Amino acid sequence: MSSDPSLRPRATGGRAPDIFRQGGWVPMREYRESEAVDFVIVGTGAGGGTLAALLAEQGFSVIAFDAGGYFRPMEDFASDETAQNQLYWTDKRVLDGPNPIKMGGNNSGKAVGGSTVHYAMVSLRFRPEWFKSRTTLGYGADWPISWEEMWRYYGIAERQLNISGPLTYPWGPKRPRYPYRAHELNTAGKLLARGCEAIGIDWTETPLATLSAPHAGPEGKSPPCAYRGFCRFGCTTNAKRSALTVWIPRALAAGAEVRDLAMVGRIETGSDGRVTGVQYHREGNWYVQLAKNVVVAGYAVETPRLLLNSATGVYPDGLANGSGLVGKNLMTQTNAAVWGRMDEPVRWYKGPPSLAITEHWNYDDNKDFHGGYCWMGQGPLPIEWASVQTGARGLWGEELRRAMLDYNHMIGVKMVGEMLPNEANRVTLADDLDQYGLRVARITYAWGANDKALVNHSLEQMSASIQAIGAKDMFRQEDDTCHLGGTARMGSNPRTSVVDADCRSWDIPNLWVCDGSVFPTVGGVNPSLTIQAIALRTADRIGKLAAAGEL
């Protein structure tokens, strides 16, 4: 068996990697391809990994597929920015539109655990009004779930993930204290706090899915964060609370099977129109796994791509696409930043990259645009910082070398901002084929006037905050983007949505979608906690539907 997790599957022969022990293994149940399991789940990230654990723990037979490798962080990850590119989805895609989205590590992952393996761990709740943004705020689309119900599942997710956060949170309804104490602020976090106070807005420690104290749970033992600063390139210590470290071990312990390096290329359907399983590619061959239900959890690009690539004579426009909305209403989030130089050393690379946050403009509606945004302190590593210099400032050669000498004195604040749904922003199929012979995704995107107004407002506010504390030689990074959402939105009407509130396809009752693609709106916060809260709710609903004989 190869030691390289990207070359040959590791989860085979009745065992899977034990991520808590170097070279270790845990037992794994395996199912025959001819055995119609209760659930096949395509994708093992925030949606699929969570759902795999929760369904297996209810007694369902589950196989979770992932196109990426099965990594043991303590032995496979390195403190090396380039080596960790192995975690990103870099397969061929066609990007077009007036504002093409840059795809890669900032918005996709290809590994067991999905993009949670390299996410920044920022774990925020949606503002309550966002769940009815059309009704209460006049933009976007209403979610078919109330904020009260979602906040209950947020609480469960925060406890399961052992979120480290502040004693009290300055914005929104009162919430319970976080399970673990907040992390100590590094200098970058303290500077964000000073900047917010200087312009008269609140700030707090960022709720993070990385441990601030040792943890021993049913999934395994994890140490507290060692503040290496490589969080977004893979955590070598397992302090990060990801699908790989939390949900996948629980899924295996409950009897689920994980198939790594297994690319699902098509969902199979029967003569009655229901799904019957999936076609997948593994170790050079195509196979078919039978299933009673299929859950697609490939995120906002690969989920619609799979649904569209599964078209049949009965479903010529792709599966779950009776509304014509599969692939439409793609949303990204703006990720603009302001950077500057401080006289005193900052050494922003020490600790997680976003230790302090302000959500002021998510909750203050005194503005001339819809939606909101937060901003956080930053700590880019050297190669990433060099790419900011070349991209945002156009520096090369001697100018770039001189700029990099100021690395330890730099300060930055970066926002996560809400972009609005628009059917013209979409994922379709290109004629180009990938390495499996499958049509690749064409991603078309354009910023709207509201999106631009939000970014401009954020740049002014962020600039004012760091200028007020003495930042010099400031510059802006205006067009960066990050997380994705939409393309298979949930709703209350089958004519205007792809799935219902339970993430169940309106068209095919045994086909489900459970990832960020179901978001009707994306809000101005990182999406991982909301995806996991949705998965928690979906698992509960599936259990109740099964008990009532309604699956």
Spherically averaged projected area of the range 197-256 from its Cα convex hull (nm²): 5.8 nm²
Non-local residues with an amide H under 5 Å from the amide H of Val258, with H modelled 1.01 Å from N and Pro and chain starts lacking one, are Ala64
Using the Cβ atoms and a cut-off under 14 Å, what net charge is assigned to the surroundings of Glu257, where Lys and Arg are +1 and Asp and Glu are -1? +1
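Provide the convex hull volume over Cα atoms per residue for the range 324-369, in Å³.
Values: hull volume 8.3 nm³, N = 46.
Value for the range 324-369: 180 Å³ per residue.
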Determine which aspartates and glutamates satisfy two conditions relative to Lys221: a Cα distance under 12 Å, and not lying fewer than 8 residues away in the same chain. Asp18
Separation of the range 310-332 and the range 400-461 by C-alpha centroid, Å? 24 Å
In sequence order, calculated HN-Hα J values of the range 293-303 (Karplus, 6.51, -1.76, 1.60; Hz; x Gly/Pro): 9, 10, 10, 9, 9, x, 5, 6, 9, 6, 5
Ser34 - accessible surface, heavy atoms, 1.4 Å probe, Å² rounded to 10: 90 Å²
Note, the range 78-94: 3J(HN,Hα) by Karplus (6.51, -1.76, 1.60, θ = phi - 60°), whole Hz, Gly/Pro = x, goes 10, 7, 8, 4, 6, 4, 7, 4, 4, 8, 9, 8, 10, 4, 4, 9, 9
When the helices in the chain are scored as -39500 (n - 2.57) per DSSP H run of 4 or longer and the sum is shared across all residues, what 222 nm value do you end up with, to the nearest 500 deg cm²/dmol? -6500 deg cm²/dmol
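Sorted by average packing, counted as other Cβ atoms within 10 angstrom per residue and highest first, what order do 153-162, 272-281 take? Don't skip to the answer; put the middle values down first.
Values: 153-162: 20.4, 272-281: 18.6.
The densest-packed peptide leads the list: 153-162, 272-281.
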Do any of Lys132/Lys174; Lys190/Lys240; Lys92/Lys452 go past 26 Å between their Cα atoms, and which? Lys92/Lys452
Two-decimal Rg to Rh for the range 392-551 - Kirkwood Rh, Cα set: 1.10
Using a 1.4 Å probe on heavy atoms of the protein chains only, the accessible area for Asp76 in Å², nearest 10, reads 30 Å²
Inter-label distance, nm, simple model (7 Å from Cα along the C-beta direction), Ser6/Arg495: 4.8 nm
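Would you rank Ser271, Ser310 by solvent-accessible area, highest first, keeping every protein chain in place and using a 1.4 Å probe? Display every interim value, and only then the final one.
Details: Ser271 135, Ser310 0 Å².
Sorted descending by solvent-accessible area, the residues read Ser271, Ser310.
Relative to the compact-globule scaling 2.2 N^0.38 Å, provide the ratio for the alpha-carbon radius of gyration of the range 425-470. Walk me through the intermediate numbers first.
Details: Rg = 19.3 Å, N = 46, 2.2 N^0.38 = 9.4 Å.
So the Cα radius of gyration is 2.05 times the expected 2.2 N^0.38 Å.
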Please list the non-local residues whose amide H lies under 5 Å from the amide H of Leu429, H modeled 1.01 Å from N, same-chain partners needing a gap of 5 or more. Arg442
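What full-extension length gain, to one decimal in nm, is calculated for Lys132 and Thr82 as 0.36 nm per residue of separation minus the Cα-Cα distance? Show your work: numbers first, answer last.
Working: separation 50, 0.36 × 50 = 18.00 nm, distance 4.17 nm.
Additional length available on full extension: 13.8 nm.
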So for Glu478, Glu344, what's the accessible-area order with a 1.4 Å probe, most first? Glu478, Glu344
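When Lys and Arg each count +1 and Asp and Glu each count -1, what net charge do the other residues less than 14 Å away from Arg426, Cβ to Cβ, add up to? Show your work: numbers first, answer last.
Values: positive: Arg93, Arg305, Lys328, Arg442, Arg489; negative: Asp96, Asp317, Glu423.
Once all neighbours under 14 Å are counted, the net charge is +2.
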Checking rank on 527-536, 503-512, 453-462, 295-304, with mean other Cβ inside 10 Å and highest first, the result is 295-304, 527-536, 503-512, 453-462
Where does helix 382-392 land angle-wise versus the long Cα axis of the chain, in degrees 0 to 90, nearest 10? 80 degrees
Accessible area per residue of the chain at 1.4 Å probe, in Å²? 35 Å²
From zero outward in steps of 5 Å, how is the percent of C-alpha pairs of the range 1-73 spread across the bins? 4, 14, 22, 28, 20, 10, 2
Taking θ = phi - 60°, what integer Hz values does the Karplus form 6.51 cos²θ - 1.76 cosθ + 1.60 yield along the range 517-527, in sequence order, with x for Gly and Pro? 5, 7, 5, x, 9, 9, x, x, 9, 4, x
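The values are calculated or read from the model by the stated rules, or taken from the named source; none is laboratory data. Predicted model only: the values in this text are computed from it and were never measured. Note that we place each Cβ from the backbone using ideal geometry, even for glycine, and neighbour counts take in every protein chain shown. For accessibility, only protein heavy atoms count, side chains too; no ligands or nucleic acids. Shrake-Rupley method; radii C 1.70, N 1.55, O 1.52, S 1.80 Å.
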